[in-house]
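Worksheet: one structure, shown below.
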Amino acid sequence: MAPAAGTRPHRRTGRRLAVTVAAALALVLAVLASFALGSRSLAVAQVFHALVAPDGGEATTIVRELRMPRTALGLTVGLALAVAGVLLQALTRNPLAEPRILGISAGASFGVVLAISVFGVSTLAGYVWFGIAGALGAGVLVFAVAARARDGASPVTLALVGAALDASLASVVYALLSIDARTFEEYRFWVVGGLTGRDMSVAAQVLPFVLAGLALAVLVARGLDALALGDDVARGLGHRIGLVRLGGGAAAVLLTGAAVAAAGPIAFVGLAVPHLARALVGADHRWTLAVSALLGPALLLGADVVGRLVDPPGEVPAGIVTALIGAPLLAVLVRRAKVVTA
């Protein structure tokens, strides 16, 4: 006897819950690895003792002063990039969309270069604010220009305006770098992308922007499902597509701007993680956003740990490792891609 039709949604929900729990466990393991592994590896018991009963010893110093800040930043940035990737792919209806597509990363780069070359800012905590301001300015400009087009802020218009702004800002950045050696030396540390060298103040600076972007993403999740069916269908279902695009775009700008300003333009997290999440839980954006928010920081923290273990006591920046991991991961996902239903 065939199973009742009503059991299918329950099975689908059960599978999605199982995937979400597995993603949460993967994130917990990544956090533990981030605290425990490096050029000086620690036992889990040492990590736990350093967190709950610090005694001023070597393990406490390593965990609380060196690894806690980069773990906190990895959680924040990984979540922001993954959720922003989901939003951008939904808004532009482009499966290859990622934070660069709207010129947001280029805006953050421009803000950082401006801070170093014009204002003489020499600390990461100092030019994070310039990076956020540059990213927000770029995002606002893209949506303002796209909204004045004949078809409004459509996916194609957003992508074209974003690509044009990305190229324009990149040319200005390279021009400033070519005439100022000091700016180039400062900038190249940031542009590689990574979690090292950041203290807790950096994560604290960007956290409000990430929380605001995440709240907006949750609010527009149902509207994104409707947009995937086309503008006319979305309107017929009662959604105000202009507000959905505005809310989703604002969320993507806040998330991307905060992440890129704090950790540099880290590649592939915002591109690969949404594809992996959709492959696991389907096209429902509420589930895709939830699973991406767990897998994003797990991937970034995992990449950071791998970078520490490759050549101790030196390390490879997380941005390089995510590119090395993300490229084959994305290739596998594309090769095995199939149509998924909500």
Practice task
Would you point out the residue of the stretch 62-79, among those that are open to solvent by less than 40 Å² (accessible area, probe 1.4 Å) and touching a Phe, Trp or Tyr at 6+ places or on another chain (Cβ under 8 Å), that is farthest from P313 (Cα to Cα)?
Solution key: T71
Problem - Any pair with Cβ under 6 angstrom, 6 or more apart, that starts in the stretch 199-224 at a residue that is within 12 Å of G248 (Cα to Cα) and ends at one that is assigned to a helix (DSSP H, G or I) and open to solvent by 50 Å² or more (accessible area, probe 1.4 Å) - result: A221/R286
Handout entry: Considering residues of the stretch 1-23 that are open to solvent by 90 Å² or more (accessible area, probe 1.4 Å) and of a type in the set (D, E, K, R) only, the residue modelled with the lowest pLDDT
Key = R8
Handout entry: Checking A97 against (1) part of a helix (DSSP H, G or I); (2) crowded, with 21+ Cβ neighbours inside 10 Å; (3) of a type in the set (A, V, I, L, M), the condition it does not meet
Key = (1)
Handout entry: Qualifying positions in the stretch 130-167 - over 18 Å from A251 (Cβ atoms), assigned to a loop (DSSP other than H, G, I, E, B) and in contact with a Gly (Cβ under 9 Å, 6 or more places away or on another chain)
Key = G152
Problem - Selection from the stretch 107-129 of residues that are open to solvent by 10 Å² or more (accessible area, probe 1.4 Å), part of a helix (DSSP H, G or I) and either in contact with a Leu (Cβ under 6 Å, 6 or more places away or on another chain) or touching a residue at least 12 places away in the same chain (Cβ under 8 Å) (or both) - result: S109, F110, L114, S117, L124, A125, W129
Exercise for the section: Could you please give the count of residues in the stretch 226-241 that are in contact (Cβ under 8 Å) with a residue 24 or more places away in the chain and either under 16 Å from T76 (Cβ atoms) or open to solvent by 50 Å² or more (accessible area, probe 1.4 Å) (or both)? Expected result: 1
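Of the residues in the stretch 222-254, how many are in a helix (DSSP H, G or I) and touching a Gly at 6+ places or on another chain (Cβ under 9 Å)? Explain how you work it out, then say what you get.
Taking the stretch 222-254 as the starting set, the residues that turn out to be in a helix (DSSP H, G or I) are 222-227, 231-236, 241-254.
In the following step, the residues that additionally are touching a Gly at 6+ places or on another chain (Cβ under 9 Å) were identified as 223-224, 226-227, 234, 241-245, 247-254.
Summing the residues that are in a helix (DSSP H, G or I) and touching a Gly at 6+ places or on another chain (Cβ under 9 Å) in the stretch 222-254 gives 18.
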Practice task
Return a yes/no flag: does the stretch 193-201 have any residue that is hydrophobic (A, V, I, L, M, F, W, C), more than 22 Å from I101 (Cα to Cα), at pLDDT 90 or above and in a loop (DSSP other than H, G, I, E, B).
Solution key: yes
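Which of the residues that make up the stretch 178-190 are part of a helix (DSSP H, G or I), touching a residue at least 60 places away in the same chain (Cβ under 8 Å) and either surrounded by fewer than 19 Cβ atoms within 10 Å (Cβ to Cβ) or of a type in the set (K, R) (or both)?
The first filter runs over the stretch 178-190 and keeps only residues part of a helix (DSSP H, G or I), leaving 178-179, 181-190.
In the following step, the residues that additionally are touching a residue at least 60 places away in the same chain (Cβ under 8 Å) were identified as 182-183, 186-187, 190.
Within the stretch 178-190, just R182 meets the criteria.
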Practice task
For G223, indicate whether it is modelled with pLDDT of 90 or more, open to solvent by less than 40 Å² (accessible area, probe 1.4 Å) and not hydrophobic (A, V, I, L, M, F, W, C).
Solution key: no
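What's the total number of residues in the stretch 276-288 that are part of a helix (DSSP H, G or I) and surrounded by fewer than 24 Cβ atoms within 10 Å (Cβ to Cβ)?
Going through the stretch 276-288, the residues part of a helix (DSSP H, G or I) turn out to be 276-281, 285-288.
Right, trim to surrounded by fewer than 24 Cβ atoms within 10 Å (Cβ to Cβ) and you get 276, 278-280, 286-287.
Going through the stretch 276-288 one residue at a time, the tally reaches 6.
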Handout entry: Condition met for D284 (modelled with pLDDT under 85 and of a type in the set (D, E))
Key = no
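Among the residues of the stretch 32-52, write down those that are β-branched (V, I, T) and buried (at least 19 other Cβ atoms within 10 Å of the Cβ).
Once the filter is applied, which keeps residues that are β-branched (V, I, T) and buried (at least 19 other Cβ atoms within 10 Å of the Cβ), the stretch 32-52 yields only V47.
The values are calculated or read from the model by the stated rules, or taken from the named source; none is laboratory data. Source: prediction; values computed, not measured. Here Cβ is always computed from backbone atoms with ideal geometry, including for glycine, and neighbour counts include all displayed protein chains. For accessibility, only protein heavy atoms count, side chains too; no ligands or nucleic acids. Shrake-Rupley method; radii C 1.70, N 1.55, O 1.52, S 1.80 Å.
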